[in-house]
């Protein structure tokens with residue numbers, strides 16, 4: 001929790017300091033009241049006291065009460081500002097940190113967990129700051145100050161008060177020790193609930209198609225019941241605290257006045273002044289003792305939030321302290337343009353014990369079309385991911401424009417690349433915003449959008465939509481078909497005006513006619529743009545300048561379609577499974 005406080009801005013720190021000063025002022029005025037009460041008791045019981053003396057003391061009590069109330073309102077306002085600013089800073093820090101995550105970091109956290117850490121966990125910490133800035137400062141100081149006030153008034157009553165306080169602190173400590181591990185479990189169970197709900201919502205069509213509603217309901221119910229039982233245990237444990245404090249406060253008041261009555265009775269009746277002073281001290285002692293228990297009650301209220309907030313703070317710190325494995329270089333220029341080269345590249349995932357890619361070497365010159373084909377799991381997507389530097393090669397070098405990708409700044413590298421992912425991803429907004437998504441060398445104009453849509457074979461369906469390029473896109477692109485999403489994703493890459501276009505199995509959702517027209521347009525209009533294509537269909541890549549055949553992470557064949565049909569058994573097998581004898585002969 002303390003680590004997160006470094007994210008407070010100077011303005012919030014200043015407000016927090018003022019708030020602490022105002023809390024001290026509240027405590028001062030609150031603890032003045034018992035003294036005035038003692039004076040008032042003496043004045044009322046003393047012969048010869050005037051009404052003006054009593055009114056003067058009463059006005060002093062009223063002044064302390066009003067001053068404490070004003071300071072409380074000001075402190076509440078400052079606390080709300082500090083908590084809101086703290087939440088803003090932490091939320092921005094977590095979001096920006098996650099934005100810098102590579103695939104390796106994303107794999108170490110689940111998406112539902114990261115969403116939960118960005119929302120619910122930060123809210124828990126913010127609530128603690130909002131409540132704790134007053135209570136965590138006020139309650140211990142008030143308790144200590146009140147104890148100092150009463151410690152010399154009666155040894156017996158002080159010992160009784162200390163016993164009650166010690167018992168309450170032991171109960172609080174025991175409950176925290178028991179509950180804290182289960183609070184950590186609650187956060188993990190909440191992540192699990194979010195994951196199940198997210199899977200169910202994103203895959204709702206599959207759930208319906210396979211009549212899996214009952215299975216999903218049972219899966220959710222099991223996780224839900226586990227979470228409920230854990231939370232129920234925690235709430236039952238916390239439910240013991242407040243009644244315990246209330247009972248202790250009333251019991252302490254009863255014992256103090258009972259013992260106080262005995263002490264007053266032991267004072268000789270003839271000594272009225274001493275009896276009155278003793279009685280006044282007992283009243284003051286009871287009030288201060290009540291303040292001590294009230295302080296503990298306030299601490300109980302905040303302690304109920306501390307375990308959850310502490311666990312949330314640890315989860316947030318885990319994100320903020322994650323070391324980014326991909327560090328950008330410093331270079332922005334390059335000796336070449338539009339070239340890609342792999343020099344004996346091997347790659348394995350950090351959690352894997354074997355290479356996914358082994359000793360890959362090839363070169364793509366400017367304007368060439370280089371294709372990658374192979375069985376599922378042969379490493380095609382992983383290979384092109386190294387070009388975009390989603391991962392770094394385990395060994396060997398990946399060069400773009402004649403320079404190692406590790407030497408580029410991220411902006412310089414991605415400005416050269418237009419990447420179309422295997423799964424089309426669209427963002428909520430409209431078609432224009434999706435096509436012009438991000439920063440690039442492409443112009444942010446309607447003309448650029450229309451040219452990219454036309455080349456991506458998307459103009460036909462876009463013009464039929466109400467609003468054209470201003471037509472809305474729902475979250476995840478759920479209001480357009482799979483082929484339309486794919487073409488809009490391709491248009492987004494084309495609008496960047498990149499030197500290198502990477503298509504990661506991006507034509508799979510297109511029909512053969514659209515596929516052929518798109519490839520013909522790329523060949524005609526982007527002659528100087530290097531095109532790297534991952535594909536499953538021979539028809540998509542047979543005219544490529546170079547085809548690289550992958551099998552279990554190794555390049556088992558490199559050449560044109562005709563050359564591979566003569567020299568590469570793996571390619572021959574793929575071709576015979578997709579093409580007819582006439583097509584093979586042709």
Inset, instruction - Look at the stretch 138-148 and say how many of its residues are buried (at least 20 other Cβ atoms within 10 Å of the Cβ) and within 33 Å of the chain's Cα centre (by Cα). - result: 2
Inset, instruction - Only helices (runs of 4 or more DSSP H) wholly contained in the stretch 429-469 count here; list those with 2 or more residues that are over 16 Å from residue 419 (Cα atoms) and within 36 Å of the chain's Cα centre (by Cα). - result: 431-435, 446-455
Inset, instruction - Could you grab me the full set of residues in the stretch 556-571 that are touching a helix residue (DSSP H, G or I) at 6+ places or on another chain (Cβ under 7 Å), free of Cβ contacts under 8 Å to residues at least 60 places away in the same chain and either part of a loop (DSSP other than H, G, I, E, B) or surrounded by 19 or more Cβ atoms within 10 Å (Cβ to Cβ) (or both)? - result: 557, 564
Inset, instruction - Quick one: count up the residues across the stretch 105-122 that are surrounded by 17 or more Cβ atoms within 10 Å (Cβ to Cβ) and over 20 Å from residue 309 (Cα atoms). - result: 1
Inset, instruction - Would you tally the residues in the stretch 45-102 being free of Cβ contacts under 8 Å to residues at least 60 places away in the same chain, surrounded by 14 or more Cβ atoms within 10 Å (Cβ to Cβ) and not in a helix (DSSP H, G or I)? - result: 1
Inset, instruction - Inspect the stretch 137-152 for any residue being at pLDDT 85 or above and part of a helix (DSSP H, G or I) and give the result as yes or no. - result: no
Legend entry - the stretch 523-543, residues that are under 15 Å from residue 504 (Cβ atoms) and assigned to a loop (DSSP other than H, G, I, E, B): 535, 536, 537
Legend entry - The listed residue being assigned to a helix (DSSP H, G or I), at pLDDT below 75 and either closer than 16 Å to residue 170 by Cα or in contact with a strand residue (DSSP E or B) (Cβ under 9 Å, 6 or more places away or on another chain) (or both), out of 242, 274: 242
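For (1) surrounded by fewer than 22 Cβ atoms within 10 Å (Cβ to Cβ); (2) on the phi > 0 side of the Ramachandran plot; (3) in a strand (DSSP E or B); (4) in contact (Cβ under 8 Å) with a residue 40 or more places away in the chain, each residue gets a yes or a no:
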| site | (1), (2), (3), (4) |
| --- | --- |
| 319 | yes, no, no, yes |
| 326 | yes, no, no, yes |
| 334 | yes, no, no, yes |
| 359 | yes, yes, yes, yes |
| 373 | no, no, yes, yes |
| 383 | no, no, no, yes |
Legend entry - Residues (modelled with pLDDT under 90 and surrounded by 16 or more Cβ atoms within 10 Å (Cβ to Cβ)) located in the stretch 339-349: 348
Legend entry - Where a residue in the stretch 435-459 is in contact (Cβ under 8 Å) with a residue 60 or more places away in the chain and its partner, wherever it lies, is assigned to a loop (DSSP other than H, G, I, E, B), with Cβ under 6 Å and at least six apart: 435/495
Inset, instruction - Go through the residues of the stretch 210-221 one by one and say whether even a single one is out of contact with any strand residue (DSSP E or B) (no Cβ under 7 Å at 6 or more places or on another chain) and at pLDDT below 80. - result: yes
Legend entry - Test: residue in the stretch 192-201 that is closer than 30 Å to residue 139 by Cα and either in a helix (DSSP H, G or I) or assigned by TED's automatic domain parsing to the domain that holds residue 119 (or both): no
Legend entry - Set 149, 219: member being assigned by TED's automatic domain parsing to the domain that holds residue 245, within 22 Å of residue 299 (Cα to Cα) and touching a helix residue (DSSP H, G or I) at 6+ places or on another chain (Cβ under 7 Å): 149
Legend entry - Condition met for residue 501 (in a strand (DSSP E or B), buried (at least 22 other Cβ atoms within 10 Å of the Cβ), touching a residue at least 40 places away in the same chain (Cβ under 8 Å) and at negative phi): yes
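The values are calculated or read from the model by the stated rules, or taken from the named source; none is laboratory data. Bear in mind that the values here come from a model prediction, so they are computed numbers and not experimental data. All Cβ positions, even for glycine, are placed from backbone atoms using ideal geometry, and neighbour counts span all protein chains on display.
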